[in-house]
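This report concerns only the one structure given below.
The values are calculated or read from the model by the stated rules, or taken from the named source; none is laboratory data. Since the model is a prediction, treat every value here as computed from it, not as a measurement. Here the Cβ is made from the backbone with ideal geometry for all residues, glycine too, and neighbour counts use every protein chain on show.
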Amino acid sequence: MIPARRTRVVLAMLWLSVGLAVCGCSQMMNDEPRYKPLAASDFFADGQSARPQVVGTIARGHLRLDQAFYTGKSGGVLVDALPIPVTRDVLLRGRERFDIFCSPCHGRLGNGDGVVVERGFTSPPSYHTDRLRTAPIGYFFDIMTNGFGAMFSYATRVPPADRWAIAAYVRALQLSQHATLSDAPADARQKLLESP
């Protein structure tokens, strides 16, 4: 019976030690010196506890050195060339994103006759007008990024690479509606001339 009592005493002491250690750690963490946000401080010469950001600090995920890629402009002027290589995959991605985000208003061919127009909303301009066919490619990216007129910004919904893919697809749509025989490759041109 005595060994059992001794074991209980040892266990009780052990639990008491663990409990005091946990309380002590917690108390030390609660009593650490700290400032409440925007509280006054005697420690710093400006009297503020919040420290100003170091000049040139950039928030994580916001380092955007390629101005043309992220804004569609270079030196404040709309870019005339895509800042990404145009590949089949880029055009396929652009078509997919266009069908999702743009065709409800602009229509599948970019004529401005999407399903929302059929339901009474304002018709957007056709991509096939001279004004938009001659517009720099950066114009389409800028409109998707910032919105224009009844169109709201898609910057939070469509990432920059996808906006460029859509712009490339819009340019392909424009070319498809205004292509001439001389635009076709030589081998395809011959086949077109031979067909009835």
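Annotations
- Any chance residue 150 is within 20 Å of residue 88 (Cα to Cα) and in the same structural domain as residue 78 (by TED's automatic domain parsing): no
- Residue check: residue 105 meets all listed conditions (1) in a helix (DSSP H, G or I); (2) more than 28 Å from residue 85 (Cβ to Cβ); (3) more than 25 Å from the chain's Cα centre (by Cα) but one, namely (3).
- Tally, over segment 51-71, of residues that are under 28 Å from residue 137 (Cα atoms) and aliphatic (A, V, I, L, M): 3
- For segment 156-196, a residue qualifies if it is under 19 Å from residue 124 (Cα atoms) and either at pLDDT below 90 or part of a loop (DSSP other than H, G, I, E, B) (or both), and exactly one does: 177.
- Subset of segment 164-188 (residues that are surrounded by fewer than 13 Cβ atoms within 10 Å (Cβ to Cβ) and without any contact (Cβ under 8 Å) to a residue 40 or more places away in the chain): 175, 176, 179, 180, 181, 182, 183, 185, 186, 187, 188
- Output for segment 16-47, where each listed residue is out of contact with any Ser or Thr (no Cβ under 8 Å at 6 or more places or on another chain), surrounded by 10 or more Cβ atoms within 10 Å (Cβ to Cβ) and modelled with pLDDT under 85: 16, 17, 18, 19, 20, 21, 22, 23, 24, 25, 26
- Within segment 124-163, the set of residues being crowded, with 19+ Cβ neighbours inside 10 Å and of a type in the set (Lys, Arg) comprises just one member, 163.
- Just one of (1) in contact with a helix residue (DSSP H, G or I) (Cβ under 6 Å, 6 or more places away or on another chain); (2) at pLDDT below 95; (3) more than 25 Å from residue 179 (Cα to Cα) fails for residue 152. It is (1).
- Among the residues here, residue 69 qualifies as modelled with pLDDT of 85 or more and either within 30 Å of residue 165 (Cβ to Cβ) or charged (D, E, K, R) (or both).
- Criterion: assigned to a helix (DSSP H, G or I) and more than 30 Å from residue 35 (Cβ to Cβ) - qualifying residue of 89, 80: 89
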